[in-house]
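Notes follow the structure.
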Amino acid sequence: MSINLAGIFAPVVTPFRDADEELDLDGWRANLRAHLADGLSGILVGGSTGEAALLDEYERAALAVAARDVVPSDKLLIIGTGAESARQCIQRCRAASAAGADAVLVVAPHYYSNAMSRENLAMHYHRVADASPLPVMLYNIPKYMHFALPSDLVAELAQHANVIGIKDSSGDLNMLKGFLTSQSDSFSVITGSGAALQAGLEAGARGGILAVSLFAAELSLEVFAAVRAGDTARATAAQATLKPMADVIVAKLGVSGVKAAMDQVGRVGGAPRLPLLPLGAALREELIAALGK
């Protein structure tokens with residue numbers, strides 16, 4: 001299967017049972033089917049919105065296997081495999097391959113952020129890309145990494161035969177444009193910012209992996225389709241409605257907000273896993289206002 005990263009992809013949440021925080025796989029499968037029915041181009045399991053940092057290895061594997069059972073072969077299944085060591089990241093890439101995934105998304109190691117020089121990051125990503133049985137996407141999310149991938153490093157990694165793209169969740173258009181200088185037939189730049197989706201696509205990004213698409217797929221797809229059609233007025237109108245949802249629910253309220261928004265639109269969100277907490281009453285009102293419901 002060729003890897004086509006054009007489109008809007010769902011970075012799915014991980015629902016838990018309220019009583020014991022065990023995986024709610026039935027609810028999770030229902031969500032995946034709904035996202036695919038919305039017309040999204042594929043699924044990302046184990047991303048930031050999926051509370052990847054709070055999942056154990058058994059849970060990661062269980063989600064990957066269950067996802068392939070639901071996601072048809074003509075839709076992309078991407079698994080987040082980033083880890084603090086290259087060794088563990090490679091192990092996760094192999095597990096993703098065994099589960100039938102199409103590609104992996106690899107966030108930079110960041111616990112020892114002060115030590116993550118360009119040299120450290122280059123050696124880490126080269127080792128992972130050399131060993132991964134699946135194509136690798138880089139993942140730039142300064143909000144959680146506490147640094148950004150240097151654009152010259154991305155340019156270097158874009159030349160690796162097993163590196164196929166980057167998801168940039170910085171929300172910084174200039175940073176995205178820096179990565180876009182490396183875009184080619186074999187390397188795609190994808191935005192992770194729903195708030196700047198139109199701007200990112202107009203700058204040249206080929207798609208989006210967007211938390212806002214989990215509860216506002218129609219608007220996300222409208223922006224994407226309008227930009228591709230060159231209909232700026234239509235794209236601008238859809239983006240104007242999408243932006244406050246992305247700003248408030250995704251950027252401000254985070255995982256708890258996204259899960260609450262999914263509950264509001266009839267999907268399975270539920271409570272996040274500790275140490276994250278559900279929204280309080282005031283923030284829930286803010287969320288409902290942002291949804292326009």
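Coordinate-derived values only; no laboratory data. Computed from a prediction, not measured in an experiment: that's the story for all the values here. FYI the Cβ positions are ideal-geometry reconstructions off the backbone, even for glycines, and counts take in every protein chain you see.
Determine, yes or no, whether THR14 is assigned to a loop (DSSP other than H, G, I, E, B) and touching an Asp or Glu at 6+ places or on another chain (Cβ under 6 Å).
When the stated conditions are applied, THR14 passes them.
Does PHE179 satisfy the criteria of being surrounded by fewer than 23 Cβ atoms within 10 Å (Cβ to Cβ), free of Cβ contacts under 8 Å to residues at least 40 places away in the same chain and of a type in the set (Phe, Trp, Tyr)?
In short, no.
Which condition from (1) polar (S, T, N, Q); (2) assigned to a loop (DSSP other than H, G, I, E, B); (3) without any contact (Cβ under 8 Å) to a residue 12 or more places away in the chain is the one that SER48 breaks?
Failing condition for SER48: (3).
Taking the criterion of being in contact with a strand residue (DSSP E or B) (Cβ under 8 Å, 6 or more places away or on another chain), under 24 Å from PHE187 (Cβ atoms) and assigned to a helix (DSSP H, G or I), would at least one residue in region 63-83 satisfy it?
Checking region 63-83: not a single residue is in contact with a strand residue (DSSP E or B) (Cβ under 8 Å, 6 or more places away or on another chain), under 24 Å from PHE187 (Cβ atoms) and assigned to a helix (DSSP H, G or I).
Residue by residue through region 94-137, note down the ones that are more than 25 Å from VAL65 (Cβ to Cβ) and either of a type in the set (Ser, Thr, Tyr) or in a strand (DSSP E or B) (or both).
Once the filter is applied, which keeps residues that are more than 25 Å from VAL65 (Cβ to Cβ) and either of a type in the set (Ser, Thr, Tyr) or in a strand (DSSP E or B) (or both), region 94-137 yields TYR111, TYR112, SER113, SER117, TYR125.
Check off (1) touching a Ser or Thr at 6+ places or on another chain (Cβ under 9 Å); (2) under 24 Å from ALA290 (Cβ atoms); (3) in contact (Cβ under 8 Å) with a residue 40 or more places away in the chain for THR191 and give me the number that stays unchecked.
Answer for THR191: the failing condition is (3).
Which one of GLY208, GLY257, GLY269 is in a loop (DSSP other than H, G, I, E, B), buried (at least 22 other Cβ atoms within 10 Å of the Cβ) and of a type outside the set (Lys, Arg)?
Answer to the selection: GLY269.
I need every pair where a residue in region 25-36 that is at positive phi has its Cβ under 6 Å from the Cβ of a residue that is assigned to a helix (DSSP H, G or I), sequence separation at least 6 or different chains.
none
Out of all the residues in region 236-254, which are surrounded by fewer than 23 Cβ atoms within 10 Å (Cβ to Cβ), of a type in the set (A, V, I, L, M) and either within 16 Å of the chain's Cα centre (by Cα) or within 16 Å of THR191 (Cα to Cα) (or both)?
ALA251
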